[in-house]
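J.: Sharing a structure, written as structure tokens. Questions coming.
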Amino acid sequence: MTEKLKIAVLMGGQSAERSVSLATGTQVLNALDPEKYAVIAIDTATGLSSLPRPAGGGGEESPVTALTQLPQLEKDGLPDVVFIALHGPGGEDGSVQGFLEVLRIPYTGSGVLASALAMDKARYKMLCTSASIPTPAGIVIKRGESARIRKAGEEIGLQLGFPVVIKPCRQGSSYGTRLVKAPEEVLDALKDTFRYDDTALVEECVKGVEITVAVLGNESDCFALPPVEIIPKHEFFDFEDKYSADGAEEICPARLSDEDTKEAKELALECHRLLGCRGMSRTDMFVTDDGCVVLETNTIPGMTPTSLLPKAAAAAGISFERLLDLLIGYSIDSSARRGPGGK
Ligand SMILES: Nc1ncnc2c1ncn2[C@@H]1O[C@H](COP(=O)(O)OP(=O)(O)OP(=O)(O)O)[C@@H](O)[C@H]1O
Ligand SMILES: [Mg+2]
């Protein structure tokens, strides 16, 4: 009998997306095949307290340790792979990935640089621009720029015109994101955005069909899943639309022409490779009359019951269990390829 792989699932964390991460982590815990994997769950913020129990674990409670105890797991053997089910700053931005690099433990998803670049929407935009990947016109406003903030309505009107979308540079799940239609709404929106980050990204509001395209695989060997079309119930794809049962309508495969589907998939692959993503990514974009415009690339897309990546995988005939097997496989492959210095 082959020995089971030891998997530590990291979830929870301290970002605003904690609840989404707990939902993702629970879904992952429940679906990891107990015949193949010995699984422990680790809440990187609170240790034991708010962890859900995995189903199908033989009725036993999972041993749960705080992240800082990982190195002390040595006596029982370090995990073979860490499955990172964290979202947002502290989990998706390269910091946990760097910690695991130092410990030389393979982990799912992208490495330090790709994670950090994808988390920072302003720097991501600069990178896309340098590679001629279309993104919405935008400007960056920092929390400390009080004189500029007072006149931001005027500046935005001149530079971009209204409506615009104002959002935190490093956040996800549409937290702190607002559709702003007039100069007098700007201050309020910026205040909300600065609750989540000290840097706000103000973008022209793109009109078109909203889609997201997931990519699986490592940089040199990856493929795009069918695009998912998003039809929000609200003015844009906000938190409620993303996570409530009667949220946005999501159609997979998206109702696009073959030509648009091809362009969207190629663009998602290009973003995956440009950032140097590993394992998975999900690029959000709009299909406009002038072609696709990219909003962002997520390196740890949600895996809750309503999430888009599992939906796209299912449309391609990849079950959730198989998706997890693939992600674990990619993490081992890429870590072996990076050699002993980057196990
Ligand atoms: N420039 C824009 N034009 C039109 N709509 C936008 C724009 N930017 C953001 N949106 C809307 O806001 C939503 C959230 O924006 P975005 O994907 O950039 O941020 P996020 O919070 O990081 O998302 P995720 O939950 O995918 O990580 C988008 O799905 C889209 O509906
Ligand atoms: Mg998004």
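J.: In whole Hz and in residue order, list the ³J(HN,Hα) couplings for the range 226-233 that follow from phi through the Karplus curve 6.51 cos²θ - 1.76 cosθ + 1.60, θ = phi - 60°; x for Gly and Pro.
T.: The phi angles translate into x, x, 9, 8, 10, 10, x, 7 Hz.
J.: Sticking with this one: Report the local net charge at A214: Lys and Arg +1, Asp and Glu -1, summed over other residues whose C-beta lies under 12 Å from its C-beta.
T.: Values: positive: K265, R282, K311; negative: D284.
Local charge sum for A214: +2.
J.: Still on this structure, please answer the following. Under the definition of Cα pairs under 8 Å and six or more residues apart, what whole-number percent is the relative contact order of the chain?
T.: Numbers: 732 pairs, mean separation 61.2, N = 343.
Relative contact order for the chain comes out at 18 percent.
J.: What spacing in nm lies between the two simple spin-label points modelled at D221 and R150, each 7 Å away from Cα in the Cβ direction?
T.: Each label point lies 7 Å from its Cα, and together they span 6.0 nm.
J.: Each residue of the range 108-115 in order: what ³J(HN,Hα) in whole Hz does its phi give by Karplus 6.51 cos²θ - 1.76 cosθ + 1.60, θ = phi - 60°, with x for Gly and Pro?
T.: Those phi angles translate into 6, x, 6, x, 4, 5, 4, 4 Hz.
J.: Near P226, within a Cβ-to-Cβ distance under 13 Å, what is the net charge of the other residues, with Lys and Arg +1 and Asp and Glu -1?
T.: Values: positive: R255, K262, K265, R282, K311; negative: E229, E250, D258, D260.
So the environment of P226 carries a net charge of +1.
J.: Got the relative contact order for the range 138-204 handy, in percent, Cα pairs under 8 Å and 6 or more residues apart? Provide the component values of the computation, followed by the final result.
T.: On the way: 124 pairs, mean separation 30.5, N = 67.
The value is 45 percent.
J.: With only alpha-carbon atoms counted, please give the Rg and Dmax of the range 151-218, in Å.
T.: Cα-based Rg and Dmax for the range 151-218 come out at 13.6, 46 Å.
J.: Sticking with this one: For E296, enumerate residues with amide H under 5 Å from its amide H, sequence gap 5+ or separate chain, H modeled in the peptide plane.
T.: Amide H neighbours of E296: D284.
J.: While we're here: Efficiency by 1/(1 + (r/R0)^6): what FRET value for K142 and K181, r their Cβ-Cβ distance, R0 = 22 Å, to the nearest 0.05? Mind showing how you got there, number by number?
T.: Values: r = 23 Å, r/R0 = 1.06.
It comes to 0.40.
J.: Something else about it: Using a 10 Å cut-off on Cβ atoms, rank the peptides 133-144, 8-19, 281-292 from the highest mean neighbour count down.
T.: 8-19, 281-292, 133-144
J.: What number comes out for the charge environment of D290, summing +1 per Lys or Arg and -1 per Asp or Glu over other residues with Cβ under 14 Å away? Write down the numbers at each step before the final one.
T.: On the way: positive: K207; negative: E204, E259, D260, E263, D289.
Cβ neighbours under 14 Å give a net charge of -4.
No value in this document is a laboratory result; all are computed from the given coordinates. This is a predicted model, so every value here is computed, not measured. All Cβ positions, glycine included, derive from the backbone under ideal geometry; neighbour counts span all protein chains shown.
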